[in-house]
Amino acid sequence: MKIEFSQIMDYVKCPIIYLIKNVYGITNEDLNTQFQREMKKVINHFFFRVMDNTIVSVDVLKNKWEALWFDSKGIELEDVLFRHHETKTKMGYQGVNMIENFHRANYDDPGVPLAVDFDYEVPIGKHIVTGTLDLVREIKEGYAKMVEVVHFSTSNYVPDEWETKTNLYTTLQSYAFRKEFQTKEQRLTYYLLKTGKTISTIRSPDDFSRLENFVDFVCTCIDANLFYPRPTYICRSCAVKEFCEQWGVK
Ligand code: SF4
């Protein structure tokens, strides 16, 4: 089976979310997903320009964000003044803060980007998994140079030590990088844009074996049409709950 890693994670989140999005083709993206996608375009722009030997100013990034979030969401000055679109407006301003923090932390020493927004397609066991690496860059640590694979997140969620060590998305990033670039990274970094905090880790062959089994189990369930609701705390903000209510109803 050929599958995107985000589809695997949809299934793991809740098989009904996978079913509605990928079998029925109904997409009802929540605001957080839209926010993450648009913010990544701003971050990508920064590193693409670094590849052209240019460090853009924070105003360039903020203007890009304005076009991507405020303009495309139809948020006008009146909406801000009269508190229409309140959630979107609030998120928009959180985005501005993220951009300012990100620029402050990176404009001086962004490293040498080797790949930005890089699409990969790698075999894992009997399956092909696709996805994207946000950033691969060469950085300096003292006198040594090292290759770092970075994932940017706009989430509030801060993984603990165990989650950082076992996170399968991070494992896939390492695996995909090694397959596509035929070399080994020295550092995998989870970059939390909200706080500017970074968490770094590494992976070993045992982690890749765990990833292969995980991918195989999920693909086997999808092949067998095993789709059922998995109620958790995410139901509260689930974008497909109207559809979910109809599941199992005769
Ligand atoms: S409401 Fe809950 S159980 Fe239903 S699809 Fe959404 S996450 Fe799954």
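Since every read-out is calculated from the coordinates, none of them should be taken as a lab result. It should be emphasised that the depicted structure is a prediction, and the values quoted were computed from it without experimental measurement. As a convention, Cβ positions derive from the backbone with ideal geometry for all residues, glycine included, and neighbour counts pool all protein chains shown.
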Among trypsin sites (Lys or Arg not before Pro) in region 129-235, those in a DSSP loop whose Cβ has at most 13 other Cβ atoms within 10 Å are LYS184, LYS197
Is the chain rounded, prolate or oblate when judged by the Cα gyration tensor, a ≥ b ≥ c being the square roots of its eigenvalues, rounded requiring a/c under 1.5 and prolate requiring a/b larger than b/c? oblate
Is region 175-250 rounded, prolate or oblate when judged by the Cα gyration tensor, a ≥ b ≥ c being the square roots of its eigenvalues, rounded requiring a/c under 1.5 and prolate requiring a/b larger than b/c? oblate
Given only helices, namely DSSP H runs of n ≥ 4 each adding -39500 (n - 2.57), what is the per-residue ellipticity at 222 nm of the chain, to the nearest 500 deg cm²/dmol? -13500 deg cm²/dmol
Surpassing 20 Å at the alpha-carbon level, of the pairs LYS13/LYS250; LYS41/LYS64; LYS21/LYS241; LYS62/LYS90, are LYS13/LYS250
Can you classify region 127-236 as rounded, prolate or oblate using the Cα gyration tensor, where a ≥ b ≥ c are the square roots of its eigenvalues, rounded means a/c under 1.5, and otherwise it's prolate if a/b beats b/c and oblate if not? oblate
Within the chain, the percent of DSSP beta bridges that are antiparallel, given to the nearest 5, stands at 70 percent
What is the dipole size for the chain, taken about its Cα centre, with +1 at each Lys and Arg Cβ and -1 at each Asp and Glu Cβ, in debye to the nearest 20? 320 debye
Region 111-132 and region 141-218: distance between their alpha carbon centers, rounded to Å: 13 Å
Please return the longest stretch of the chain lacking exposed loop sites, where chymotrypsin sites (Phe, Trp or Tyr not before Pro) count only if DSSP places them in a loop and at most 14 other Cβ atoms lie within 10 Å. 158-246
Which residues qualify? For ILE124, with a placed amide H closer than 5 Å and at least 5 residues away or on another chain, they are VAL129
Taking Cα pairs under 8 Å and at least six residues apart, what relative contact order does the chain come out at, in percent? 23 percent
Put +1 on the Cβ of each Lys and Arg and -1 on the Cβ of each Asp and Glu in region 2-223; which of GLY95, ILE124, CYS221 then has its Cα farthest toward the positive end of the dipole? ILE124
